[in-house]
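Data block below; observations after.
The values are calculated or read from the model by the stated rules, or taken from the named source; none is laboratory data. Keep in mind that what you see is a predicted model, and the values were worked out from it rather than measured. Note: ideal-geometry Cβ built from the backbone for every residue, glycine included; neighbour counts use all protein chains shown. Note: accessible area is taken over every heavy atom of the protein model, side chains too, but ligands, DNA and RNA are not part of it. Shrake-Rupley method; radii C 1.70, N 1.55, O 1.52, S 1.80 Å.
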Amino acid sequence: AGFAMWEAGSLPTRSLHSILLKNMCDAAIAAAAFLICGYAFAFGEGGSFIGHSNFFLVDMSEKDYISWFFQWAFAATAATTVSGCMAERTKFGAYLAYSFFITALIYPIVVRWLWADDGWLCAWGENALFGLGMIDFAGSGVVHMLGGVAGLVGSMVVGPRKGYFEGERDVSVFR
């Protein structure tokens, strides 16, 4: 809701419905992607790079469903960060595919590295890089850095908003 309101206030009213729909779709797509394979890649049994068990949450205990829900919220947040970066410049279907790819593959792998006990960057795991690893305070490194970098890459691919920042603008479009 926070990203949706920020993005709605930063865009002309003609783009309001589109950006709000993208934010709602981000939550739904992230739920599906994280249920299908994201959680398995991030927290399933496996090596220090990627997990390979619990796809579709199969063979998980009831207490792990709470963990899935908590982690899904972070995955959706990372994906939603991207919608504001690429607002008004992407086809709807292409953006949804980008969102699915982030929450199904990119985000879970990075989460595995830092937050899973056997991740190669996890400070308290046995596989910690050079025996040190990294501590990600409150998830800010994974969630916000990954979302920001994905948004930057997406913005570089789609290019700038043509005519948006050049010359005089009619500010009434923001009302």
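Six or more apart or on different chains, Cβ under 6 Å: which pairs go from a residue in region 27-56 that's at negative phi and aliphatic (A, V, I, L, M) to one that's surrounded by 18 or more Cβ atoms within 10 Å (Cβ to Cβ) and in a loop (DSSP other than H, G, I, E, B)? Could you list them?
What qualifies is 40/54.
If you go through region 10-42 one residue at a time, how many are open to solvent by 40 Å² or more (accessible area, probe 1.4 Å) and at pLDDT 95 or above?
The initial filter retains those residues of region 10-42 that are open to solvent by 40 Å² or more (accessible area, probe 1.4 Å), namely 10, 13-14, 16-18, 20-21, 24, 28, 32, 35-36.
With the extra rule that they be at pLDDT 95 or above, the set shrinks to 28, 32, 35-36.
The qualifying residues number 4.
Which ones in region 110-120 are of a type outside the set (Phe, Trp, Tyr) and buried (at least 16 other Cβ atoms within 10 Å of the Cβ)?
Result: 110, 111, 112, 114, 116, 118, 119.
Against the condition more than 20 Å from the chain's Cα centre (by Cα) and surrounded by 13 or more Cβ atoms within 10 Å (Cβ to Cβ), how does residue 51 come out, does it pass?
Values: more than 20 Å from the chain's Cα centre (by Cα): no; surrounded by 13 or more Cβ atoms within 10 Å (Cβ to Cβ): yes.
So residue 51 does not fit the description; no.
Looking at region 63-77 only, could you name the residues that are over 23 Å from residue 17 (Cβ atoms) and either of a type in the set (Val, Ile, Thr) or open to solvent by 30 Å² or more (accessible area, probe 1.4 Å) (or both)?
Initially, region 63-77 is screened for residues over 23 Å from residue 17 (Cβ atoms), giving 63-75.
63, 64, 65, 66, 67, 68, 69, 70, 72, 73, 74 - these are the residues of region 63-77 that are over 23 Å from residue 17 (Cβ atoms) and either of a type in the set (Val, Ile, Thr) or open to solvent by 30 Å² or more (accessible area, probe 1.4 Å) (or both).
Against the definition (open to solvent by 40 Å² or more (accessible area, probe 1.4 Å), of a type outside the set (S, T, N, Q) and in contact with a helix residue (DSSP H, G or I) (Cβ under 7 Å, 6 or more places away or on another chain)), how does residue 57 come out, yes or no?
On the way: open to solvent by 40 Å² or more (accessible area, probe 1.4 Å): no; of a type outside the set (S, T, N, Q): yes; in contact with a helix residue (DSSP H, G or I) (Cβ under 7 Å, 6 or more places away or on another chain): yes.
No: the conditions fail for residue 57.
Does region 59-66 contain any residue that is within 17 Å of the chain's Cα centre (by Cα) and without any contact (Cβ under 8 Å) to a residue 40 or more places away in the chain? Break it down stepwise before answering.
The first filter runs over region 59-66 and keeps only residues within 17 Å of the chain's Cα centre (by Cα), leaving none.
Checked against the condition, which is being within 17 Å of the chain's Cα centre (by Cα) and without any contact (Cβ under 8 Å) to a residue 40 or more places away in the chain, region 59-66 yields no hits at all.
Any residue at all in region 78-92 that's open to solvent by 70 Å² or more (accessible area, probe 1.4 Å) and either hydrophobic (A, V, I, L, M, F, W, C) or in contact (Cβ under 8 Å) with a residue 40 or more places away in the chain (or both)?
Initially, region 78-92 is screened for residues open to solvent by 70 Å² or more (accessible area, probe 1.4 Å), giving 91-92.
Now narrow it down to the ones that are either hydrophobic (A, V, I, L, M, F, W, C) or in contact (Cβ under 8 Å) with a residue 40 or more places away in the chain (or both): 92.
Yes: region 78-92 contains one or more residues that are open to solvent by 70 Å² or more (accessible area, probe 1.4 Å) and either hydrophobic (A, V, I, L, M, F, W, C) or in contact (Cβ under 8 Å) with a residue 40 or more places away in the chain (or both).
Report the residue count in region 93-105 for those that are open to solvent by 10 Å² or more (accessible area, probe 1.4 Å) and more than 15 Å from residue 151 (Cα to Cα).
2
Look through region 121-167, keep the residues that are buried (at least 17 other Cβ atoms within 10 Å of the Cβ) and either among the basic types (Lys, Arg) or part of a loop (DSSP other than H, G, I, E, B) (or both), and return whichever of them is modelled with the highest pLDDT.
Only one residue tops the list, namely 121.
Checking the conditions here, which among 99, 10 is among the polar types (S, T, N, Q) and within 14 Å of the chain's Cα centre (by Cα)? Steps first, answer last, please.
Working: 10 fails: within 14 Å of the chain's Cα centre (by Cα).
Just a single option satisfies the conditions, and that option is 99.
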